[in-house]
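First comes the structure, then the notes that go with it.
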Amino acid sequence: MWPKAEFHRVQRLPPYVFETVNKLKAELRRNGADIIDFGFGNPDMDTPKHIIDKLVETARKPRTNRYSASRGIPGLRAAYGRYYKRRFGVDLDPETEIVATLGSKEGFANLAQAICAPGDVILAPNPSYPIHPFGFIIAGGTIRHIEALNPERYLASIDAAARDSNPKPLAVVTCFPANPTAEVCDLSFYREVVKLARRHEMYVLSDLAYTEIYYDDPPPSILQVNGAREICVEFTTLSKTYAMAGWRMGFAVGSAHLISALTRMKSYLDYGAYTPIQVAACAALDGPQDCVDEIRKTYRNRRDVLVDAFGRAGWQVPSPAASMFAWAPIPPVFAELGSLKFAQILMKEAHVAVAPGVGFGEYGEGFVRIALVENEQRIRQAARNITDFLKRHS
């Protein structure tokens, strides 16, 4: 029968949990509802002016509208090397240890395609950002999910999972500050991960997308650990740091062997980001950094207002130490419903959208992720709606 049955790789992808929530959100908005949307981690702040000015200036130069460099223009890779030296004290070779990507998500997915053979085992955190497991699932890999509600529990399980896996794992994934849980780790965590990776001959793929959105101590890089550069690749992005999500400007840095594989894969798939975007990214990295402090301050203020206002409304939300998210247990009265049903009811009755925890993996059940992407006035309005909502169900 034509058309034929679903394609193999598409069949390996389960229904997207967030699509259920997004359809309901769209339906309610069509009917006139004012949905306060904490569901999608889409930065809402303006990109700093000096970055936009550099984009516009460069775009006016005719030759910049040609194909760009897949692995990133030399100036951008050099600028990112300077950032790593300044921020982490890590020296990277821009020629062999840095590649620019179309956002960190694309970089992660393409590295999975480059290094994973069908049947390879990957140790992945759960709950976690969906590309961490599904980048490898699409590539034909097998995922061993490890509970990662906090770094201690994740670390304690990596050794046993690696010992018990057959075949032995190809790689282990880390993500701190974590999406969705907002958990953070220190350098001792990374030292243990590198030890385990060497013991079990695994690569380490570290997602550091939220490294500049922190409220206490600055998060470390795994590449600060001695010996990590030979076996680790770290993925970062300008999306959150400079409110440049739509610009799709990310990086992969670390192991020359893995960066070479990613660079070769990308050479077949893309011509790199638009050159003016790459030049503007240089201006972001090398220019004034007070804009980063302001963006961080905005997220901190929103976090504090949300934790306080939701708490007074009757919903206790733990205060995150980093990231642009809060990770909250659903109120006890709704515990039996699960996170998806709770998110749907909350949206229908309180007009507040959140991301159900089960969408990040089975260990995320019982929680929701709240993105700090609404201003303080809207957060307080959401809290008032939630106050009435909880009273009705108490």
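The values are calculated or read from the model by the stated rules, or taken from the named source; none is laboratory data. A quick note: this is a predicted structure, and the numbers were derived from the prediction, not measured. In this analysis, Cβ positions are derived from the backbone assuming ideal geometry, glycine residues included, and neighbour counts consider all displayed protein chains.
Scanning the stretch 196-227 for residues that are among the β-branched types (Val, Ile, Thr) and part of a strand (DSSP E or B) yields a total of 1. Take the residues of the stretch 251-271 that are crowded, with 24+ Cβ neighbours inside 10 Å and touching a Lys or Arg at 6+ places or on another chain (Cβ under 8 Å): which is farthest from residue 87 (Cα to Cα)? Out of the qualifying residues, it is 266. Please work out if residue 99 is surrounded by 20 or more Cβ atoms within 10 Å (Cβ to Cβ) and in the same structural domain as residue 353 (by TED's automatic domain parsing). So residue 99 fails the test. Does at least one position in the stretch 88-106 carry a residue that is in a helix (DSSP H, G or I) and modelled with pLDDT of 95 or more? Yes, the stretch 88-106 has at least one match.
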